[in-house]
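Here's the structure, in C-alpha cells; my notes come after.
The values are calculated or read from the model by the stated rules, or taken from the named source; none is laboratory data. None of these values were measured; they are calculated from a predicted model. Every residue, glycine among them, receives a Cβ derived from its backbone with ideal geometry; neighbour counts consider all protein chains shown.
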Amino acid sequence: MKISLSKWISDWRDNGGGRSPHLGTIITLLIIFIGLFGSLYSDEIKSVVPFQWGTWNGWESFHFHPRILFFWVVTIFVGGLYFFREWEVDSYDSQLRKELVSQIQTLPPAEFLQEFADTYDEGEAMYEKALQSKNVDDTKKIIRGLLTCICQLTEKFDSPKQHTQMERYAANIMLFIDASSADKELSEQIQPRIKFIDQEVLFQTLKGALDLRKDLSTHSEAQQSEEDMALEAFALPIPHAETTNIDGKNKYRVLPGAPLAYCESRTELHMQSSEIYKWCEDHGDFTAHVKKQIKEYFSGNGGKQVASFLSIPLMTDRKSKPIGVINIHKNGPMLLVDPKRLLHFDPIIRPYRHMLAKLVQQLLILEKEALSSKKD
C-alpha cells in the first residue's frame with residue numbers, strides 16, 4: 001500500500017497536481033473557513049497560549065478545548081499546504097527557466113545567419129561553376145572551397161566564448177571503397193593506410209574502407225582553397241557485420257565517428273576525442289590491440305589535431321546510400337559547444353552536403369574518364 005501511495009503521489013506531482021488551480025481553490029476555501037471559524041470562537045482562541053502568556057498557569061495553560069485544537073490543527077495544515085504549493089510552483093518555474101536558457105544556448109549566434117547567407121551565396125556560385133567544368137583539378141578546388149565555407153560556418157556557429165585564436169577548424173572527405181570491386185593495385189594501396197585494425201585482417205576480407213582524400217581537405221584559414229597539409233592520409237575499416245550480440249546486448253563492430261556515420265546514415269558528434277576509447281569499451285566489440293591503437297592515437301598527436309569532431313554522411317538525399325563522409329574537426333574540445341546544438345547545425349549544413357555529394361560524384365566520373373584516356 002505504501003509503495004502504491006508513494007507512486008500515486010509521485011505521478012500526481014509529475015502531472016502538475018501540486019501547482020494545479022484545483023489545489024489553489026481548496027486552499028483558498030480552507031483559509032476562508034478558518035477565518036469564519038476563528039471569528040465565531042475568537043474569545044476562546046484568545047484565552048489560551050500563545051495569546052495569553054501573561055496568565056501562565058503551568059501546563060494547564062495548554063489545556064485546549066476541542067474547538068481550539070481543531071482551529072490550530074487546520075491552520076497549521078493549511079499553512080503547510082500553501083507552502084507546498086508555492087514550493088511546487090517555484091520549482092516548476094525554475095525548471096522552465098533552465099530549459100529556456102538551454103534552448104537559447106543551442107540556437108546559432110546572432111551574426112551566424114548573415115554569415116550563412118553570405119557564405120551560401122558564395123558556395124552556390126562555386127557549385128554552379130563546377131557543374132559546368134570538365135576539369136578534375138578545378139572540381140577538386142571547388143570542393144575544397146565548399147569545405148572551407150563549412151569550416152568558417154562551423155567556427156561562427158560555435159559560441160564566441162568557446163572559440164580562441166589558437167583553435168583551428170578543418171574539414172575533409174572520406175570516400176567509401178568497396179573491397180569486392182577494388183582491383184589488386186587499389187587494394188595494395190589502401191591496406192597500409194587502414195588504421196585501427198588487427199594486423200591479420202586484410203582489406204579484401206572487409207566490406208570496404210573509408211579512404212581519406214587529402215586532395216579533398218582544407219581548413220578555415222586556407223587561402224585559395226589549399227589542401228590541409230597537416231592532415232595524414234589514412235583509411236578506416238568497414239566490416240561486413242556492423243554489430244554483434246554479446247550476452248544479449250548489441251555491440252558495435254563499426255568504429256565510432258566516420259564509419260558509424262556511414263553505416264547508419266546519421267551524423268556523429270564527438271565533443272571529446274579522448275573519450276573515443278571509453279566509447280569502444282562500453283559500446284564496441286573490438287580487440288585489445290585495436291583499442292590500444294585508438295588510445296595511443298588520440299592521446300598523441302592525433303588527439304591534438306582532432307580534439308573534437310563531427311562526421312556527416314555524404315549523400316545526395318535522405319534515402320540514398322552514402323558515398324562517403326564529411327569530417328569536420330578542430331584542435332580544441334567541445335565542437336558545437338552542446339550536443340543539442342547538432343539539431344540546428346545538421347539541417348543548416350544540409351545544402352552543402354547535397355552540393356558536395358553531387359560534385360564528388362562528378363569528380364569520380366571525371367577521374368575515371370581521365371584514367372581511361374591515359375590507358376588508351
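Part of a helix (DSSP H, G or I), acidic (Asp, Glu) and in contact (Cβ under 8 Å) with a residue 12 or more places away in the chain, is that true of Asp317? Can you show your working first?
Numbers: part of a helix (DSSP H, G or I): no; acidic (Asp, Glu): yes; in contact (Cβ under 8 Å) with a residue 12 or more places away in the chain: yes.
Against the criterion (part of a helix (DSSP H, G or I), acidic (Asp, Glu) and in contact (Cβ under 8 Å) with a residue 12 or more places away in the chain), Asp317 does not qualify.
Mind listing whichever residues of the range 338-367 are modelled with pLDDT under 90 and within 18 Å of Ser133 (Cβ to Cβ)?
none
Regarding Pro259, is this residue buried (at least 19 other Cβ atoms within 10 Å of the Cβ) and either more than 27 Å from Leu335 (Cβ to Cβ) or in contact (Cβ under 8 Å) with a residue 24 or more places away in the chain (or both)?
yes
Which of the residues belonging to the range 320-341 are assigned to a loop (DSSP other than H, G, I, E, B) and either outside the structural domain of Ile143 (by TED's automatic domain parsing) or closer than 16 Å to Leu255 by Cβ (or both)?
Correct list: Pro322 only.
So, in the range 214-232, how many residues would count as being touching a helix residue (DSSP H, G or I) at 6+ places or on another chain (Cβ under 9 Å) and assigned to a strand (DSSP E or B)?
5
What's the number of the only condition in (1) of a type outside the set (S, T, N, Q); (2) buried (at least 17 other Cβ atoms within 10 Å of the Cβ); (3) at pLDDT below 95; (4) under 26 Å from the mean Cα position of the chain (by Cα) that Pro160 fails to meet?
(2)
Restricting the search to the range 315-344, which residues are closer than 21 Å to Ile143 by Cα and in contact with a strand residue (DSSP E or B) (Cβ under 8 Å, 6 or more places away or on another chain)?
Going residue by residue through the range 315-344, those that are closer than 21 Å to Ile143 by Cα are 315-318, 320-330.
Pro322, Ile323, Gly324, Val325, Ile326, Asn327, Ile328, His329, Lys330 - these are the residues of the range 315-344 that are closer than 21 Å to Ile143 by Cα and in contact with a strand residue (DSSP E or B) (Cβ under 8 Å, 6 or more places away or on another chain).
If we scan the range 280-303, do we find a residue that is basic (Lys, Arg), under 22 Å from the mean Cα position of the chain (by Cα) and outside any loop (DSSP other than H, G, I, E, B)? Walk me through how you get there before you give the answer.
So the first thing to find is which residues in the range 280-303 are basic (Lys, Arg), and the list is 291-292, 295.
From the residues that got through so far, the ones that are under 22 Å from the mean Cα position of the chain (by Cα) too are none.
Checked the range 280-303: no residue is basic (Lys, Arg), under 22 Å from the mean Cα position of the chain (by Cα) and outside any loop (DSSP other than H, G, I, E, B).
Does any residue of the range 33-50 turn out to be modelled with pLDDT under 60 and farther than 30 Å from Arg341 by Cβ? Spell out how you get there, then give the answer.
Going through the range 33-50, the residues modelled with pLDDT under 60 turn out to be 49-50.
Next, from what is left, pick out any that are farther than 30 Å from Arg341 by Cβ: 49-50.
Yes; the residues of the range 33-50 include at least one that is modelled with pLDDT under 60 and farther than 30 Å from Arg341 by Cβ.
Just to be sure I understand the filter: pairs with C-beta atoms under 8 Å, separated by 6 or more residues or on different chains, first member in the range 3-24 and among the charged types (D, E, K, R), second member modelled with pLDDT under 75 and surrounded by 13 or more Cβ atoms within 10 Å (Cβ to Cβ). Which pairs pass?
Arg19/Tyr92
Please go through the range 161-213 and give me each residue that is among the charged types (D, E, K, R), out of contact with any Lys or Arg (no Cβ under 9 Å at 6 or more places or on another chain) and not in a loop (DSSP other than H, G, I, E, B), ordered by number.
To start, the set of residues in the range 161-213 that are among the charged types (D, E, K, R) comprises 161, 167-168, 178, 183-185, 188, 193, 195, 198, 200, 207, 211, 213.
Those left that are additionally out of contact with any Lys or Arg (no Cβ under 9 Å at 6 or more places or on another chain): 161, 183-185, 188, 193, 195, 198, 200, 207.
Selection gives Lys184, Glu185, Glu188, Arg193.
Would you call Leu356 over 15 Å from the mean Cα position of the chain (by Cα), in contact (Cβ under 8 Å) with a residue 12 or more places away in the chain, crowded, with 21+ Cβ neighbours inside 10 Å and more than 30 Å from Asn245 (Cβ to Cβ)? First the steps, then the outcome.
Working: over 15 Å from the mean Cα position of the chain (by Cα): yes; in contact (Cβ under 8 Å) with a residue 12 or more places away in the chain: yes; crowded, with 21+ Cβ neighbours inside 10 Å: yes; more than 30 Å from Asn245 (Cβ to Cβ): yes.
Answer is yes for this residue.
Of a type in the set (Asp, Glu) and over 15 Å from His329 (Cα atoms), is that true of Asp215?
Details: of a type in the set (Asp, Glu): yes; over 15 Å from His329 (Cα atoms): yes.
Yes: the conditions hold for Asp215.
Quick check, is His344 in a helix (DSSP H, G or I) and not charged (D, E, K, R)? Explain how you work it out, then say what you get.
On the way: in a helix (DSSP H, G or I): yes; not charged (D, E, K, R): yes.
In short, yes.
Can you say whether Leu336 is crowded, with 17+ Cβ neighbours inside 10 Å, under 13 Å from the mean Cα position of the chain (by Cα) and at positive phi, as far as the supplied structure shows? Step through it out loud before you land on a result.
Details: crowded, with 17+ Cβ neighbours inside 10 Å: yes; under 13 Å from the mean Cα position of the chain (by Cα): yes; at positive phi: yes.
Criteria met by Leu336.
Filter the range 189-225 down to the residues that are surrounded by 15 or more Cβ atoms within 10 Å (Cβ to Cβ) and either of a type in the set (A, V, I, L, M, F, W, C) or not assigned by TED's automatic domain parsing to the domain that holds Tyr297 (or both) and list them by number.
If the condition is that a residue be surrounded by 15 or more Cβ atoms within 10 Å (Cβ to Cβ) and either of a type in the set (A, V, I, L, M, F, W, C) or not assigned by TED's automatic domain parsing to the domain that holds Tyr297 (or both), then Ile190, Ile194, Phe196, Ile197, Val201, Phe203, Leu206, Ala209, Leu210, Leu212, Leu216, Ala222 are the ones that fit.
Kindly check whether there is at least one residue in the range 302-324 that is surrounded by fewer than 16 Cβ atoms within 10 Å (Cβ to Cβ), small (Gly, Ala, Ser) and modelled with pLDDT under 95.
Yes - at least one qualifying residue is present in the range 302-324.
Could you check the range 208-240 and list, in sequence order, the residues that are among the small types (Gly, Ala, Ser) and within 26 Å of the chain's Cα centre (by Cα)?
Going residue by residue through the range 208-240, those that are among the small types (Gly, Ala, Ser) are 208-209, 217, 220, 222, 225, 230, 233, 235.
Ala209, Ser217, Ser220, Ala235, listed by residue number.
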